Structures are given as C-alpha cells and as structure tokens.
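The values are calculated or read from the model by the stated rules, or taken from the named source; none is laboratory data. Model, not experiment: these values are computed from the prediction. Cβ: placed from backbone, ideal geometry, glycine included. Neighbour counts: every protein chain shown.
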Amino acid sequence: MENFAAQLWTVRSLCGDARGLASTLTALRSIGYNAVELAGLAAIPPADVRRILDDTGIAACAAHADAELILRDPGAVAATLHTLGCASVVYPYPRNQDLSSPEGVARLCSLLSSAGAVFAAEGIIFSYHNHNLELQKLGGKTILQTILERTDPKLLQVELDTYWLQAGGVDPARWIESCAQREELLHIKDYGVDPEGKPKFKEIGAGNLDWDGILSAAWKVGCRWLIVEQDDHWTTGDPLESLRASWDYLARSQES
C-alpha cells in the first residue's frame with residue numbers, strides 16, 4: 001500500500017488555508033495514506049505547505065502546477081517545487097492550447113519539450129496528465145499518441161488517468177501497458193453511471209472499471225505512484241470518506 005497516494009484536488013474544499021491543510025493531511029494519514037499529490041493549494045505559501053507536510057509526515061510524490069506558467073516560466077515552477085521538496089511536476093490540462101489542428105498539437109509538443117528540458121536540468125520529473133480531450137483522433141491517431149511520439153521520454157513522462165481513458169473510449173489497462181517505462185505516476189479513479197446513464201466519478205471499486213486488470217498493468221510496467229482522485233460525486237458527500245472507501249478497497253485487493 002506504500003505506492004498509493006491521495007490527490008489533494010479531491011479534498012480541495014478542506015484545504016483553503018494552512019490549518020485546513022494540516023487537518024486534512026492528518027486525516028489522510030489516519031486512513032493510511034503516506035503521500036499526496038499537491039493541487040489546489042494556491043492560497044497557501046509553498047514554504048508553509050512544506051512545513052505542514054514535514055509536520056504531518058506526509059510526502060509530496062508530485063504536484064500539479066499552473067499549466068500556463070509551466071510553459072511560460074518553468075524555472076519559476078522548478079523553484080517552487082524545490083521549496084516544496086517535491087521532485088515531480090505535472091502539466092494538468094492544455095489550457096488555451098489549440099488541439100484542433102496538427103500545427104497546434106506540434107506547437108504544444110515543442111513547448112512541453114522546452115519546459116521538460118528545464119525541469120530535467122533541475123532534477124525534476126515532468127509528466128503530462130490526460131483527460132478525454134486528448135483521446136480524440138487527429139490525422140489517424142489520438143492526440144495523446146502524437147504528444148508521446150513527438151516528445152522525448154527523458155523530458156516528458158505521462159500521468160494517465162483511468163477515468164478519462166475510459167471516458168475517451170479506450171482500454172485503461174492496455175494504455176497503461178503501452179506507456180511502459182514512461183509513467184511513474186498513474187491517476188486511479190473509477191467510472192460509473194447514474195440512473196439516467198450519465199457518467200459519474202466513483203470510489204475505487206464502486207464503478208465499472210476492471211481493477212484487477214488495471215492494477216496488474218500498473219505493477220507490470222513499474223508505476224511508482226498510484227494516485228487516488230475523485231473530483232466530485234462523493235457517495236457520502238464527504239471527500240475524505242471517499243478517499244477512505246477507495247483506500248479500503250485497494251487494501252483488500254492487495255491482500256487477495
């Protein structure tokens with residue numbers, strides 16, 4: 001279970017200030033999580049985040065940073081990561097990037113590669129986080145395939161997301177296996193439907209994804225961190241209880 005972490009975006013409503021962050025990390029530690037992926041903490045100075053992490057004994061396995069700042073000033077992002085004591089940063093979403101044309105995708109790849117070179121020089125791993133947007137096809141292949149083909153694995157890794165892979169119409173386990181040696185990080189969240197058939201985020205094990213296949217693929221390719229996230233639709237209305245339910249399911253799955 002030491003390879004499972006919690007994504008703080010799940011509990012963003014509880015982490016609006018330093019006190020809330022400290023309380024939330026303490027609660028996560030009591031559930032069993034020893035690591036988190038940082039996100040949604042813009043209101044808290046990085047030095048304070050680092051102090052709270054140290055005080056609660058929680059490691060920062062990675063951090064989502066502002067997408068535009070990553071491309072515009074990766075050096076500034078790297079400096080913040082050093083303050084946080086975190087050596088892995090994620091490009092969270094292609095905000096204000098044109099993915100409707102080959103030229104737009106090529107431009108994004110160039111920007112990602114340039115940022116990746118800065119992060120590599122700083123000893124920081126740089127990863128791309130997908131949504132279903134990148135699973136649309138352009139020129140006969142998915143945009144995500146093109147991004148991975150046009151960037152150097154030494155400069156850009158990938159943080160696949162099981163929910164968004166499913167939402168994009170592809171097999172999460174097969175995609176995980178196809179990205180071997182390039183995915184230290186994996187977002188795990190379940191995919192379900194409501195009574196009207198609309199997609200819903202679900203706690204791990206409460207939706208329809210094949211977790212035996214997904215976890216087997218993740219261990220096979222050597223994912224370092226499997227990061228539990230649930231954006232909303234928490235079954236009890238409490239994001240901490242959502243993370244607890246996912247942790248309990250994963251713990252049982254590792255025992256079997």
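For the structure I just gave you, tell me whether V11 is in a helix (DSSP H, G or I), over 27 Å from R252 (Cα atoms), at pLDDT 95 or above and not hydroxyl-bearing (S, T, Y).
Values: in a helix (DSSP H, G or I): yes; over 27 Å from R252 (Cα atoms): no; at pLDDT 95 or above: yes; not hydroxyl-bearing (S, T, Y): yes.
In short, no.
Going by the conditions given, is G123 over 13 Å from L156 (Cα atoms) and not hydroxyl-bearing (S, T, Y)? First the steps, then the outcome.
Values: over 13 Å from L156 (Cα atoms): no; not hydroxyl-bearing (S, T, Y): yes.
No.
Would you point out the residue of region 113-134, among those that are crowded, with 23+ Cβ neighbours inside 10 Å and among the hydrophobic types (A, V, I, L, M, F, W, C), that is farthest from V89 (Cα to Cα)?
That would be A115.
Mind telling me which of the residues L28, L53, L21 ends up being under 16 Å from G85 (Cα atoms), surrounded by 21 or more Cβ atoms within 10 Å (Cβ to Cβ) and touching a residue at least 12 places away in the same chain (Cβ under 8 Å)?
On the way: L28 fails: under 16 Å from G85 (Cα atoms); L21 fails: under 16 Å from G85 (Cα atoms).
Testing whether each residue is under 16 Å from G85 (Cα atoms), surrounded by 21 or more Cβ atoms within 10 Å (Cβ to Cβ) and touching a residue at least 12 places away in the same chain (Cβ under 8 Å) leaves just L53.
Only one residue in I204, I214 is in a loop (DSSP other than H, G, I, E, B) and modelled with pLDDT of 95 or more, so which one is that? Explain how you work it out, then say what you get.
Numbers: I214 fails: in a loop (DSSP other than H, G, I, E, B).
After applying the criteria, what remains is I204.
Name the single residue, out of those in region 135-147 being at pLDDT 95 or above and in contact with a Ser or Thr (Cβ under 8 Å, 6 or more places away or on another chain), that is surrounded by the most Cβ atoms within 10 Å (Cβ to Cβ).
It comes out as L135.
Between a first residue in region 231-244 that is among the basic types (K, R) and a second residue that is in a loop (DSSP other than H, G, I, E, B), which pairs have beta carbons less than 9 Å apart while being 6 or more apart in sequence or on different chains?
Once the first residue is among the basic types (K, R) and sits in region 231-244, its partners that are in a loop (DSSP other than H, G, I, E, B) give R244/G32; R244/E203; R244/D238.
Out of the residues in region 148-163 that are in contact (Cβ under 8 Å) with a residue 40 or more places away in the chain and surrounded by fewer than 21 Cβ atoms within 10 Å (Cβ to Cβ), state the one that is farthest from L38 (Cα to Cα).
R150
Taking the condition surrounded by 13 or more Cβ atoms within 10 Å (Cβ to Cβ) and over 30 Å from A22 (Cβ atoms), does Q166 pass? Talk me through it step by step, then tell me what you get.
Working: surrounded by 13 or more Cβ atoms within 10 Å (Cβ to Cβ): yes; over 30 Å from A22 (Cβ atoms): yes.
Judged against the criteria, Q166 is a match.
Tally time: how many residues in region 168-201 are assigned to a loop (DSSP other than H, G, I, E, B) and farther than 18 Å from L135 by Cβ?
Initially, region 168-201 is screened for residues assigned to a loop (DSSP other than H, G, I, E, B), giving 168-171, 179-184, 189, 194-198.
With farther than 18 Å from L135 by Cβ added as a condition, the list becomes 180-181, 184, 194-198.
Within region 168-201, residues that are assigned to a loop (DSSP other than H, G, I, E, B) and farther than 18 Å from L135 by Cβ number 8.
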